[in-house]
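Input: a single structure, listed below in structure tokens.
What follows is calculated from the coordinates using simple rules that are stated; it is not laboratory data. Nothing here was measured: the structure is a model prediction, and the numbers come from that model. Neighbour counts run over all protein chains shown; Cβ positions are idealised from the backbone, glycine included.
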Amino acid sequence: MSKTLSRETAENWLKKFYGEGTSDYVSIDEIFVNTGREDKDAEVNKGWLYNMMSNLRSFGFFEKEYETRNGTRVTKGIRLTTKGRQVLRSQPVSHTEPSVGTTQQAHKVSFTSVQQDVKALRAQYPEFVITFDARLKNEEEEEVYMK
């Protein structure tokens, strides 16, 4: 099953990949360090990064750069595209009320979007147990919410 990330989540992952760097290029090894995965098994990291890059590909933030090792083409790093540079050079998102004259983009929330966000949070914060639970309210609970 393919996972679709929200644009905000994708931007946050791109920022993690690049860390505090100012270059348009980041190596695979630097990505592992910047995301706190430098101590993980190399094969596990390779699979994780392949999946992350697949999930981020549709946003067009970066292009892979390759090299040849022992006759095999391997990814050596990624280079920002114009879109990616705009994301990394932008100001942090403010969580305050919008100023007069600005518009806020509506975000449609669904069980699927929440599940995707929880999955992304689990990957981002493996040291936490993150759960998402939804159940129908019964009539007694409904009365409590209505008060």
Could you list which residues have their amide H under 5 Å from that of F62, counting only those 5 or more apart in sequence or on another chain, with H placed in the peptide plane?
-> T81
Around T81: net Lys/Arg minus Asp/Glu count, Cβ-Cβ under 10 Å | +1
Going 7 Å from the Cα of V109 toward and past its Cβ, which residues in segment 8-23 have a backbone nitrogen under 18 Å from where you end up?
-> 8-9
Run the quick spin-label model on A134 and L121: label points 7 Å from Cα toward the beta carbon, then report their separation in nm to one decimal.
-> 1.4 nm
What percent does the relative contact order of segment 1-79 come to when contacts are Cα pairs within less than 8 Å and at least six residues apart?
-> 32 percent
Per-peptide average of other Cβ atoms within 10 Å, ordering 124-135, 45-56, 7-18, 109-120 highest first | 7-18, 45-56, 109-120, 124-135
